[in-house]
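The values are calculated or read from the model by the stated rules, or taken from the named source; none is laboratory data. Since the model is a prediction, treat every value here as computed from it, not as a measurement. Cβ placement follows ideal geometry from the backbone for every residue including glycine, while neighbour counts extend to all protein chains displayed.
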Amino acid sequence: MNEGNQESGTSGMRALAKKVRENVWDIPTSAKPGMLVPGRIFASEKLMQLMDDAVFEQLTNVACLPGIVKYAHCMPDAHSGYGFPIGGVAAFDPEKNGVISPGGIGFDINCGMRLITTTLTEKDVMPKIKELVDTLYNRVPAGVGGKGFLKLSKGEFTEVMRAGSKWCVENSHGWDEDLERTEDSGCIAWANPDKVSDRALQRGIAQLGTLGSGNHYLEIQVAEKIFDEKVAKKLGITSNDQICVMVHCGSRGFGHQVATDYLKVFLNKMKDYGITVRDRELACAPFNSKEGQDYFQAMACAANAAFANRQVILHRVRECFSKIFNTPADDLGMHLVYDVAHNVAKVEEHKVDGKTRKLVMHRKGATRCFGPGRKEIAPIYRDIGQPVILGGSMETGSYLLLGTEKAMEETWGSTAHGSGRTMSRTKAKHMVRGENLQKEMEKRGIYVRTVSYSGLAEEAGFAYKPISDVVDVMHNLGISKKIVWLTPRGNVKG
Amino acid sequence: MPKYRFLEGIVTADLAFEATGKDLNDLFTNAALAVLESQARLETIEPKVTKKVVLEHADIEELLFDFLNEIIFFKDAEQLIFKTVKVAITKDGKYKLTAQFKGEKIDQKKHKLGNDLKAVTMHQFKVEETTKGWRCQVVIDI
């Protein structure tokens, strides 16, 4: 196995990136032996500078994987990850030995975002913000040891793997309308619990409805600026003082274990398929192999568990609002705008050289942003395009965007997923103490509760790229349109 | 020489550390302590519960990978975090590891908690023999 490393020529790949037009950069196949396609980076000059050198090394490693089509793409919020960069999009053709790779999806399978509207305004909520955030903090488990409030049997958890959000709605943890407002209706059909280990089940069974830690959060936000009133209205946001709620989390220990299990399977199997990779986190297998299919079916179980996790949290959020404002959640207009996955693989039809082909799409720290008309988009939004939720840092705000036809041509219908870190956790922790950051944020009108003060310091706004720069790159390229900018008022962190 | 240190410049969003040891037992102990310390401040944990881990592998890197993943498994499956660890590794064809962890159930009010670790990654994962003993480099997904 070639343990190709980043020590050799780290800045080399960056230097080989050539600007092809505004906000678009290519690294040619001549940059590294074995590259099958060029690397393509979507970024302004400033964002290029903010990406670490390893991004370019990792992107060009992805470009060497069997069956990759057209480009190894890199979104403007990219930073280095393990194997694939975070912010990576790559499509593989299963008819040409194209692979599936757990490292191209991430350990947190179907980590994603969920945005919920309310009919409340900033004036209604700010006098009660502490009570509201404290209630959410107490009612939605977060952080190390945050245990779910649902006691599930093995049989029930297996149903969650199969049915995702549908299981939640059938068991009174949601509204019927939530399903059509979730990517894949919150239930990926090819999930097969037989492909999941008992260890994964043991890690996940007590965690349904928990946030986790790291960059995961539950946030009370205000629609600060509406860029497209017509579309915003269709998505349920009508005024620039409207309160919304955003949730960022994934499949928890269950998904992490599925990814760990299959990383080991693929590492042991690659030699049989004659595959060598430059980093063991790029371990992969042909999509049409037994191992490839097993992982794809197990990954779908984890994706469904993640949809269910965010669905149960949504239900809890509705209960908390209902309690604090003494009004039923439906009278508070607590509709789900959309739920998007930003760590997942899917089989999708795309045009390649004028022909429609089925491709295995990997998005790791990247969001699907299909343009109008695609069958995958729920009927309520099909005529406008897919809503996209970009979660920013807890200090700077987040965006609601919309997918476009242009995205289908440029990025396989994909866009960024957030602002993307620029600073390591260790460094951020040295720059600020969590307790001080909490006080400073409160002075600025953002009330935060956290299980871990060191974790809070790691998530400081200065550790991230400016989200508006990220959003502008994709907006100016016509890939995802700006609809609403949301800013934080209250935050629950793991 | 410190038993372990967290590294910068390897990964942006995750946690990288190196650990050293005079022998394999020492290396595995120190690597485990780095993982335990990033979950919670060890001085806030009491050694109330004992858990034993037995693993074997022909490959030393895969042995360390599996061993560190055990810590993450206990955190999720049994809500346990540990304060101390004792490791004994023998080699008879394959490496055989026996470890004993001592700790307690997670109490968010009592323990000073850090990150909820997702997984040990294989990204630039290394176990190597040095002139002074052993060294490893590990990246943990957060």
What are the residues in region B:52-83 that are in contact with a Ser or Thr (Cβ under 9 Å, 6 or more places away or on another chain) and either at pLDDT below 95 or more than 24 Å from A:Gln207 (Cβ to Cβ) (or both), if any? B:Lys52, B:Val54, B:Leu55
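Conditions (1) of a type in the set (Gly, Ala, Ser); (2) away from chain A (no Cβ under 14 Å); (3) touching a Ser or Thr at 6+ places or on another chain (Cβ under 9 Å), marked per residue:
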position	(1), (2), (3)
B:Glu8	no, no, yes
B:Val11	no, no, yes
B:Ala16	yes, no, yes
B:Ala19	yes, yes, yes
B:Asn25	no, yes, no
B:Asn30	no, yes, yes
B:Leu33	no, yes, yes
B:Leu36	no, no, yes
B:Thr50	no, yes, no
Mind checking which residues of region B:1-35 are under 30 Å from A:Lys364 (Cβ atoms), hydrophobic (A, V, I, L, M, F, W, C) and in contact (Cβ under 8 Å) with a residue 60 or more places away in the chain? B:Leu7, B:Ile10, B:Val11, B:Ala13, B:Leu15, B:Ala16, B:Phe17, B:Ala19, B:Ala31, B:Ala32, B:Ala34, B:Val35
Could you please give the count of residues in region A:180-225 that are under 30 Å from B:Gln39 (Cβ atoms), surrounded by 21 or more Cβ atoms within 10 Å (Cβ to Cβ) and acidic (Asp, Glu)? 1
Selection count, region B:78-111, where residues are more than 14 Å from chain A (Cβ to nearest Cβ) and touching a strand residue (DSSP E or B) at 6+ places or on another chain (Cβ under 6 Å): 17
Report yes if some residue within region A:295-304 is farther than 26 Å from A:Pro387 by Cα and surrounded by 24 or more Cβ atoms within 10 Å (Cβ to Cβ); otherwise report no. yes
Test of understanding: among B:Glu56, B:Glu37, which residue is closer than 22 Å to A:Gly494 by Cβ and surrounded by fewer than 18 Cβ atoms within 10 Å (Cβ to Cβ)? B:Glu37
Any residue in region A:434-459 that is within 12 Å of B:Lys112 (Cα to Cα) and within 12 Å of chain B (Cβ to nearest Cβ) sitting within a Cβ distance under 6 Å of a residue that is among the acidic types (Asp, Glu) and surrounded by fewer than 19 Cβ atoms within 10 Å (Cβ to Cβ)? List the pairs, counting only those 6 or more apart or interchain. A:Tyr453/A:Glu435
Is it fair to say A:Glu177 is under 24 Å from the mean Cα position of the chain (by Cα), touching a residue at least 24 places away in the same chain (Cβ under 8 Å) and in a strand (DSSP E or B)? no
Being outside any helix (DSSP H, G or I), within 14 Å of chain B (Cβ to nearest Cβ) and over 30 Å from A:Leu267 (Cα atoms) is the filter here; which residues of region A:103-145 pass it? A:Val140, A:Pro141, A:Ala142, A:Gly143, A:Gly145
From A:Gly186, A:Gly212, grab the single residue that is within 14 Å of another protein chain (Cβ to nearest Cβ) and modelled with pLDDT of 95 or more. A:Gly212
Hey, could you check region B:116-136 for residues that are within 11 Å of another protein chain (Cβ to nearest Cβ) and not aliphatic (A, V, I, L, M) and say which is surrounded by the most Cβ atoms within 10 Å (Cβ to Cβ)? B:Asp116
Which condition breaks for A:Leu59 when tested against (1) part of a helix (DSSP H, G or I); (2) surrounded by fewer than 20 Cβ atoms within 10 Å (Cβ to Cβ); (3) among the aliphatic types (A, V, I, L, M)? (2)
Residue selected from region A:386-419 under the condition farther than 18 Å from A:Lys482 by Cα and modelled with pLDDT of 95 or more, by the criterion surrounded by the fewest Cβ atoms within 10 Å (Cβ to Cβ): A:Glu409
Given the conditions (1) over 22 Å from the mean Cα position of the chain (by Cα); (2) in a loop (DSSP other than H, G, I, E, B); (3) farther than 16 Å from A:Val360 by Cα, and given that A:Tyr82 satisfies all but one, which numbered condition is not satisfied? (1)
From B:Thr98, B:Thr44, B:Thr50, residue being under 14 Å from the mean Cα position of the chain (by Cα) and surrounded by fewer than 18 Cβ atoms within 10 Å (Cβ to Cβ): B:Thr98
Within region A:365-378, the residues that are within 20 Å of A:Lys351 (Cβ to Cβ) and not in a strand (DSSP E or B) are A:Ala366, A:Cys369, A:Phe370, A:Gly371, A:Pro372, A:Gly373, A:Arg374, A:Lys375, A:Glu376, A:Ile377
Please go through region A:69-84 and give me each residue that is crowded, with 24+ Cβ neighbours inside 10 Å and either farther than 17 Å from A:Asp53 by Cβ or touching a Gly at 6+ places or on another chain (Cβ under 8 Å) (or both), ordered by number. A:Ala72, A:His73, A:Cys74, A:Met75, A:Pro76, A:Asp77, A:Ala78, A:His79, A:Gly81, A:Tyr82, A:Gly83, A:Phe84
Is it fair to say A:Ser468 is surrounded by fewer than 23 Cβ atoms within 10 Å (Cβ to Cβ), touching a helix residue (DSSP H, G or I) at 6+ places or on another chain (Cβ under 7 Å), at negative phi and not aliphatic (A, V, I, L, M)? no
Residues of region A:420-433 being away from chain B (no Cβ under 14 Å) and at pLDDT below 95, which ones? none
Count - residues of region A:210-241 that are part of a loop (DSSP other than H, G, I, E, B) and of a type in the set (D, E, K, R): 2
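This table checks each residue for (1) under 18 Å from the mean Cα position of the chain (by Cα); (2) under 26 Å from A:Gly212 (Cα atoms); (3) not polar (S, T, N, Q).
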| site | (1), (2), (3) |
| --- | --- |
| A:Phe370 | yes, no, yes |
| A:Arg374 | no, no, yes |
| A:Pro379 | no, no, yes |
| A:Lys439 | no, yes, yes |
Those residues of region A:189-209 which are among the aliphatic types (A, V, I, L, M) and either at pLDDT below 95 or not in a helix (DSSP H, G or I) (or both), in sequence order: A:Ala189, A:Ala191, A:Val196, A:Ile205, A:Ala206, A:Leu208
Applying the selection to region A:4-47, what residues are at pLDDT below 95 and either within 14 Å of chain B (Cβ to nearest Cβ) or closer than 16 Å to A:Ala90 by Cβ (or both)? A:Gly4, A:Asn5, A:Gln6, A:Glu7, A:Ser8, A:Thr10, A:Ser11
